[in-house]
Amino acid sequence: MADSKACTHLLLFGATGDLSRRMLLPSLYNLDAEGLLPDCLRIIATARSAHDDAAFRKIAAEALAQAIEPERLTDAVQARFLDRIHYVPLDATTIAGFDALGEAVPDKSNLAIFLSTAPALFSPTIAGLASAGLAGPGARLALEKPLGDSLAASRAINDAVASAYPEAQTFRIDHYLGKEMVQNLIGFRFANTLFEPLWNAAYIEHVQITIAETVGLEGRTDYYDGMGALRDMVQNHMLQLVALIAMEPPVELDPASVRDEKVKVLRSLRPIDAASVATHSVPGQYAAGAVAGKPVPAYAEDLGQASSTETFVALKAHIDNWRWKGVPFYLRTGKRLPERSSTIVVQFRAVPHSIFGAAPLQANTLVITLQPGENIRLEMMAKSPGLDRDGLKLRAIPLDIGLANAFAESRRRIAYERLLLDLIEARQTLFVRRDEVEAQWAWIDAIRAGWAAAGHAPRHYAAGTWGPNAAIALTERDGVSWHD
Ligand code: BG6
């Protein structure tokens, strides 16, 4: 560590955990391979287990072998990368161990800290960091979800964080913001003239957002059963997507401007309460079924006991502001659905008057696929070739932009690559501000309170289907079909 005095340090809490092995270490390796990490960046990995540098580097090497394509995993880069890593065992519940951590960071003026630990450890960890001098003005703290399970719990965490790190040094992670297509929502909306004049209630009839997953509980028994789909997916990822789709143009792409606009949307979400949960929300839970032709057990069987946790939720949301007056945002997410896909569908209104007689016209639809594959498709009406003896024939045809083709030269990155680099370089735009998180929780808490008051319990759906029938009825009542 000869050059460590002037170096950026990255402290990884929870370094032996699943997120670190699957995402963080591989992301850092990828950044290193592209020469994007500062030359003298030191990574101080920490967790409870009693490893030394060599033992942890072996764990890291195994993680890289699992996650990185063999052709990208070269001996030279791997050696350079592993050489950056040091390991400090730490019991975060006692303040004593933090001194050793402080000593491992001789220069505390440029420090990025990534907490990927159980939320119960947040407060003691923050206190420990502060006591070891690791919360000075040059320190940035990144926090990985779950950041509480309610507005009150989230406030308590935010207060604990704020006691040591001002908001400008706090980097709340929502990994969806690290995804290329999610950032492209800003590019697409504000770098083209074409859509923004139409991007409002006068021309858009409704918006749908689906985040569908084929996986089930995946052994995350304790965490997931205490959360459910509403808090696991809607509170964060889904509402961030809503904010990016619905926000006004920010003044600039700086953290304050972008987040100011997002929070206005989140505050404009119309509460769904006991009186409206029945018509505006459908919680569901998967029963036994088949996904991709393979039989899978029910959630209760995965869990080992009966549960009232929702593994699916569909919502009809409204944003009460000028731009979106009367435009429903239909949101749905769930486990054990037929496919893994995240899509945003913007349904434009029909033309005001048809000159084509009885020929049916389909209103324009914009389908933005976030994953898998990154794609933008615009369904437009066009004349079918022919001599039109019986009148003009029209058909909807897609204008398709596959980003993988358009940007064939670019490698698809892990979302955490972008977020870790932004953390290291102190760029805050893609991190969630406290007021956003709290507005998100306020909306989610009201729905949960409404469910409890109205006794609105999850309905079963067969694994491998698009959720309970009631989720279909939720949109069909408005004459809208989900875009499957
Ligand atoms: C996480 C949720 O935040 O996002 C998981 O806790 C979910 O339940 C995951 O599976 C989905 O992320 P991605 O990037 O695979 O869409």
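The values are calculated or read from the model by the stated rules, or taken from the named source; none is laboratory data. The model shown is predicted, which means the values in this text are computed figures rather than measured ones. Every residue, glycine as well, gets a Cβ built from its backbone with ideal geometry; the counts of neighbours run over all protein chains shown.
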Report task. Would you mind telling me which numbered condition in (1) part of a loop (DSSP other than H, G, I, E, B); (2) under 23 Å from Phe122 (Cα atoms) Ala45 fails? Result -> (1)
Query raised in the report: How many residues are over 23 Å from Asn110 (Cβ atoms) and either of a type in the set (Ser, Thr, Tyr) or surrounded by fewer than 21 Cβ atoms within 10 Å (Cβ to Cβ) (or both) if we restrict to the stretch 10-56?
Result: 13
Query raised in the report: Which of the following residues is surrounded by 14 or more Cβ atoms within 10 Å (Cβ to Cβ) and more than 24 Å from the chain's Cα centre (by Cα): Arg336, Arg349, Arg332?
Result: Arg349
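Condition check ((1) part of a helix (DSSP H, G or I); (2) not assigned by TED's automatic domain parsing to the domain that holds Ser276) across all residues:
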{"site": "Arg418", "(1), (2)": "yes, yes"}
{"site": "Leu423", "(1), (2)": "yes, yes"}
{"site": "Ala426", "(1), (2)": "no, yes"}
{"site": "Ile444", "(1), (2)": "yes, no"}
{"site": "Trp451", "(1), (2)": "yes, no"}
{"site": "Ile472", "(1), (2)": "yes, no"}
Query raised in the report: Which of the residues belonging to the stretch 379-399 are under 34 Å from the mean Cα position of the chain (by Cα) and either in contact (Cβ under 8 Å) with a residue 60 or more places away in the chain or more than 14 Å from Ser354 (Cα to Cα) (or both)?
Result: Glu379, Met380, Ala396, Ile397, Pro398, Leu399
Query raised in the report: Restricting the search to the stretch 220-229, which residues are surrounded by fewer than 22 Cβ atoms within 10 Å (Cβ to Cβ) and either under 13 Å from Lys335 (Cα atoms) or touching a residue at least 24 places away in the same chain (Cβ under 8 Å) (or both)?
Result: Arg220, Thr221, Tyr223, Asp225, Gly226, Met227
**Report entry** Members of the stretch 348-369 that are closer than 22 Å to Met233 by Cβ and away from the ligand (no atom under 16 Å from the Cβ)
**Finding:** Val367
Query raised in the report: Within the stretch 329-342, is even one residue in contact with an Asp or Glu (Cβ under 7 Å, 6 or more places away or on another chain) and more than 13 Å from the ligand (Cβ to nearest atom)?
Result: no
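Conditions (1) more than 22 Å from Ile424 (Cα to Cα); (2) touching a residue at least 24 places away in the same chain (Cβ under 8 Å); (3) assigned by TED's automatic domain parsing to the domain that holds Ser27; (4) in contact with a Ser or Thr (Cβ under 6 Å, 6 or more places away or on another chain), marked per residue:
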residue: Leu64; (1), (2), (3), (4): no, yes, yes, no
residue: Glu69; (1), (2), (3), (4): yes, no, yes, no
residue: Arg80; (1), (2), (3), (4): no, yes, yes, no
residue: Pro89; (1), (2), (3), (4): yes, yes, yes, no
residue: Pro106; (1), (2), (3), (4): no, yes, yes, yes
residue: Ala139; (1), (2), (3), (4): no, yes, yes, no
residue: Thr170; (1), (2), (3), (4): no, yes, no, no
Query raised in the report: Can you name every residue in the stretch 150-174 that is more than 17 Å from Arg259 (Cβ to Cβ) and touching a helix residue (DSSP H, G or I) at 6+ places or on another chain (Cβ under 6 Å)?
Result: Ser150, Leu151, Ile157, Ala160, Ala164
Query raised in the report: Hey, does the stretch 447-460 have a residue that's more than 18 Å from Met233 (Cβ to Cβ) and among the aromatic types (Phe, Trp, Tyr)?
Result: no
Report summary line: So, first residue within 27 Å of Ile157 (Cα to Cα) in the stretch 172-191, second residue assigned to a loop (DSSP other than H, G, I, E, B) and more than 16 Å from the ligand (Cβ to nearest atom), Cβ within less than 9 Å, six or more apart or across chains; the pairs are Arg172/Arg433; Leu177/Thr429
Report summary line: Here the residues within the stretch 193-226 that are at pLDDT 95 or above, among the aliphatic types (A, V, I, L, M) and within 16 Å of the ligand (Cβ to nearest atom) are Ile209, Ile211, Ala212, Val215
